[in-house]
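To keep things clear, I will list the structure first and then write my remarks on it.
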Amino acid sequence: MHKTAVIAAALIATAAAQAEEPENYIKYRQAMMSAIGGHTGAAGQIVRGKVSPEGALAMHANALATLNTDIGSLFPEGSDFGETRAKEEIWSDRAAFDKAAGDAKTATAAFAAAVAAGDEEKIGAAYRDVGESCKTCHKQFRQKKN
Amino acid sequence: MTPWPLLILLAGSAAAYADDGEYLFHAAGCLACHTAKDGAPLAGGRPFETPYGTFYAPNISPDRKTGIGTWSRREFIDALKHGTAPDGSAYYPVFPYPSYRLMTNTDAGKIFDYLQTRTARSQTNREHDTPWWLFRWMMKLWQWWALDEPAPAQTNQELERGRYLVDALGHCGECHTPRNWLGASIRTRYLAGTDLGPEDEKVPNITPERADGIGKWDADDLAYFLETGQLPDGDYTGSLMADVVDNTTSKLRVADRQAMVSYLRAVEAFPGP
């Protein structure tokens with residue numbers, strides 16, 4: 001029984017170590033980015049007045065703030081090869097990348113706050129700032145589509 | 001007899017687009033090319049890697065020694081619209097004069113006046129790094145051979161304004177229209193995208209083709225993209241196009257963006273690239 005536990009623990013540890021291979025982060029972060037893109041696109045439809053589903057804007061805004069808490073950690077050292085559009089500069093100019101990630105965190109938090117406060121004008125401006133933070137990082141750190 | 005109704009009409013349409021030099025400068029996207037990363041605005045130095053070598057944008061600030069401070073308006077217009085340098089030699093088409101040749105002299109002159117009001121920056125131009133077989137005089141032949149018919153003028157005033165913004169100022173086709181082996185735009189694939197754009201980037205098809213182009217975007221999506229860089233799925237554009245949005249399309253008046261949208265939705269749809 002002790003032996004099984006030890007073996008199980010070892011297996012779990014190996015599995016965990018495997019899951020921690022840096023390149024495994026590529027799929028994970030792309031899925032995370034897609035989720036961020038999904039909420040941004042959906043929030044945009046509401047902010048631009050195309051649809052007005054009850055309570056949905058707060059849900060998208062809060063999700064964006066949560067998803068953007070630490071996007072820097074989605075780009076560990078060594079996750080720069082394979083099927084990725086991440087540019088080398090993410091690792092060679094890490095300070096600038098971390099700043100871009102920080103700006104997205106600030107912008108999404110401010111957007112969530114504006115939505116919570118319910119001030120239409122601030123919501124529009126804050127949404128634009130969110131978009132700016134995405135575009136600024138993609139401009140510097142993401143390659144074109146292959 | 002003066003055909004005065006015509007004169008009034010002409011005056012009217014000129015007034016409708018009496019853009020100032022700064023507006024035209026942004027609409028034509030001069031800044032990004034003529035400014036190096038972290039460099040002084042308009043002082044040049046930005047490299048362009050092409051299959052024909054690496055070219056460095058020159059200093060176009062009004063510095064009298066290293067920039068264009070001593071140029072006349074005529075010399076400037078010849079450079080911008082005809083690709084001809086003050087000494088009579090021809091420019092390489094990395095400088096998108098094949099597009100700017102469609103600009104009116106009035107607009108080109110206004111850009112000149114605006115540039116002369118900018119801060120002079122002293123920065124010596126860097127020599128291009130071209131292969132041994134490429135010489136400037138060849139560009140004369142190139143200009144004669146490769147500058148073909150532009151996209152046809154539109155009769156509808158809004159569409160014509162859109163064409164002017166897309167072709168003469170925004171030079172969208174310089175990236176979005178594929179080139180033949182001599183680097184000339186393939187007119188029959190106008191705006192249809194290419195796998196071999198600048199910096200070897202894949203540049204998407206922006207004709208109204210539904211599968212490969214942007215035919216599924218509605219007019220609002222496209223206008224919003226040009227304003228903010230947001231794609232219809234919530235993603236944001238990056239790389240070279242983010243520069244275009246930041247420096248050019250986001251700075252246009254709403255009506256001008258609208259004209260651009262109407263025109264882009266009216267051009268011929270092509271599959272591909």
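For the stretch B:231-254, which residues satisfy the criterion of being among the aliphatic types (A, V, I, L, M) and either open to solvent by less than 10 Å² (accessible area, probe 1.4 Å) or within 11 Å of chain A (Cβ to nearest Cβ) (or both)?
Taking the stretch B:231-254 and keeping what is among the aliphatic types (A, V, I, L, M), we get B:231, B:240-242, B:244-245, B:252, B:254.
Residues satisfying the conditions are B:LEU231, B:LEU240, B:MET241, B:ALA242, B:VAL244, B:VAL245.
In the set B:LEU159, B:LEU141, which member is among the aliphatic types (A, V, I, L, M), part of a helix (DSSP H, G or I) and in contact with a Ser or Thr (Cβ under 8 Å, 6 or more places away or on another chain)?
The match here is B:LEU159.
Step by step: first the residues of the stretch B:204-230, then only those that are at the interface with another protein chain (Cβ under 8 Å from one of its Cβ atoms) and part of a loop (DSSP other than H, G, I, E, B), then the one that is most open to solvent (accessible area, probe 1.4 Å). Which residue is that?
Here the residue is B:PRO204.
Please enumerate the residues belonging to the stretch A:67-88 that are more than 19 Å from B:TYR236 (Cα to Cα) and surrounded by 14 or more Cβ atoms within 10 Å (Cβ to Cβ).
A:PRO76, A:SER79, A:ASP80, listed by residue number.
In this structure, does B:ILE111 turn out to be over 24 Å from B:SER185 (Cα atoms) and either modelled with pLDDT of 95 or more or part of a helix (DSSP H, G or I) (or both)? Let's see the steps before the verdict.
Details: over 24 Å from B:SER185 (Cα atoms): yes; either modelled with pLDDT of 95 or more or part of a helix (DSSP H, G or I) (or both): yes.
Spelling it out, B:ILE111 is indeed over 24 Å from B:SER185 (Cα atoms) and either modelled with pLDDT of 95 or more or part of a helix (DSSP H, G or I) (or both).
Which condition does B:MET103 not pass, out of (1) farther than 22 Å from B:THR50 by Cβ; (2) assigned to a loop (DSSP other than H, G, I, E, B); (3) more than 17 Å from the chain's Cα centre (by Cα), if it passes all the others?
For B:MET103, the exception is condition (3).
When you look at B:ASP148, is it farther than 23 Å from B:VAL203 by Cβ, open to solvent by 50 Å² or more (accessible area, probe 1.4 Å) and of a type in the set (Asp, Glu), yes or no? Steps first, please.
Details: farther than 23 Å from B:VAL203 by Cβ: no; open to solvent by 50 Å² or more (accessible area, probe 1.4 Å): yes; of a type in the set (Asp, Glu): yes.
No, not satisfied.
Is there any pair linking a residue in the stretch A:126-146 that is within 8 Å of chain B (Cβ to nearest Cβ) and under 16 Å from A:LEU57 (Cα atoms) to one that is among the hydroxyl-bearing types (Ser, Thr, Tyr) and not in a loop (DSSP other than H, G, I, E, B), with Cβ under 9 Å and at least six apart or on different chains, and which?
Correct list of pairs: A:ARG128/B:THR228; A:GLY131/A:THR40; A:GLY131/B:THR228; A:GLY131/B:TYR236.
Please determine whether any residue of the stretch B:158-176 is of a type outside the set (Lys, Arg) and within 14 Å of chain A (Cβ to nearest Cβ). Break it down stepwise before answering.
Looking only at the stretch B:158-176, we keep the residues that are of a type outside the set (Lys, Arg), and these are B:158-160, B:162, B:164-176.
Then drop every residue that is not within 14 Å of chain A (Cβ to nearest Cβ), which leaves B:175-176.
Yes: the stretch B:158-176 contains one or more residues that are of a type outside the set (Lys, Arg) and within 14 Å of chain A (Cβ to nearest Cβ).
Listed here are the residues, each with its yes/no results for (1) under 19 Å from A:ARG48 (Cα atoms); (2) at pLDDT 95 or above; (3) more than 18 Å from the chain's Cα centre (by Cα).
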| residue | (1), (2), (3) |
| --- | --- |
| B:GLU201 | no, no, no |
| B:PRO204 | no, yes, no |
| B:PRO208 | no, yes, yes |
| B:ALA219 | yes, yes, yes |
| B:THR228 | yes, yes, yes |
| B:LEU240 | no, no, no |
| B:THR248 | no, yes, no |
| B:ALA255 | yes, yes, yes |
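Within the stretch B:48-65, work out how many residues are of a type in the set (S, T, N, Q) and open to solvent by 20 Å² or more (accessible area, probe 1.4 Å). Talk me through it step by step, then tell me what you get.
At the first step, the residues of the stretch B:48-65 found to be of a type in the set (S, T, N, Q) are B:50, B:54, B:59, B:61.
Restricting the remaining residues to those that are open to solvent by 20 Å² or more (accessible area, probe 1.4 Å) gives B:50, B:54.
Result for the stretch B:48-65: 2.
From B:ALA36, B:ALA28, which residue is in contact with a helix residue (DSSP H, G or I) (Cβ under 6 Å, 6 or more places away or on another chain) and modelled with pLDDT of 95 or more? Explain how you work it out, then say what you get.
On the way: B:ALA36 fails: in contact with a helix residue (DSSP H, G or I) (Cβ under 6 Å, 6 or more places away or on another chain).
Going through B:ALA36, B:ALA28 in turn, the sole match is B:ALA28.
What is the one condition in (1) closer than 21 Å to B:SER99 by Cα; (2) of a type outside the set (Asp, Glu); (3) part of a loop (DSSP other than H, G, I, E, B) that B:GLY69 does not satisfy?
So B:GLY69 meets the others, but not (1).
For the stretch B:109-145: of the residues being in contact with a strand residue (DSSP E or B) (Cβ under 7 Å, 6 or more places away or on another chain) and either among the small types (Gly, Ala, Ser) or surrounded by fewer than 17 Cβ atoms within 10 Å (Cβ to Cβ) (or both), which is nearest to B:LYS81 (Cα to Cα)? Give the derivation first.
At the first step, the residues of the stretch B:109-145 found to be in contact with a strand residue (DSSP E or B) (Cβ under 7 Å, 6 or more places away or on another chain) are B:123, B:125-126, B:128-131, B:134, B:136, B:139-140, B:143.
When the remaining residues are screened for being either among the small types (Gly, Ala, Ser) or surrounded by fewer than 17 Cβ atoms within 10 Å (Cβ to Cβ) (or both), the result is B:125, B:129-131, B:134, B:136, B:140.
Working: B:ASN125: 21, B:ASP129: 24, B:THR130: 23, B:PRO131: 26, B:LEU134: 22, B:ARG136: 17, B:LYS140: 14 Å.
Filtering the stretch B:109-145 for residues that are in contact with a strand residue (DSSP E or B) (Cβ under 7 Å, 6 or more places away or on another chain) and either among the small types (Gly, Ala, Ser) or surrounded by fewer than 17 Cβ atoms within 10 Å (Cβ to Cβ) (or both), the one nearest to B:LYS81 (Cα to Cα) comes out as B:LYS140.
Working carefully through the options A:ALA112, A:ALA104, find the one that is more than 14 Å from every other protein chain (Cβ to nearest Cβ) and crowded, with 20+ Cβ neighbours inside 10 Å. Spell out how you get there, then give the answer.
On the way: A:ALA104 fails: more than 14 Å from every other protein chain (Cβ to nearest Cβ).
Within the list A:ALA112, A:ALA104, the selection yields A:ALA112.
The values are calculated or read from the model by the stated rules, or taken from the named source; none is laboratory data. Since the model is a prediction, treat every value here as computed from it, not as a measurement. Please note: Cβ atoms are built from the backbone with ideal geometry, for glycine as well, and neighbour counts cover all protein chains shown. Heavy atoms of the whole protein, side chains included, go into the accessibility calculation; ligands, DNA and RNA do not. Shrake-Rupley method; radii C 1.70, N 1.55, O 1.52, S 1.80 Å.
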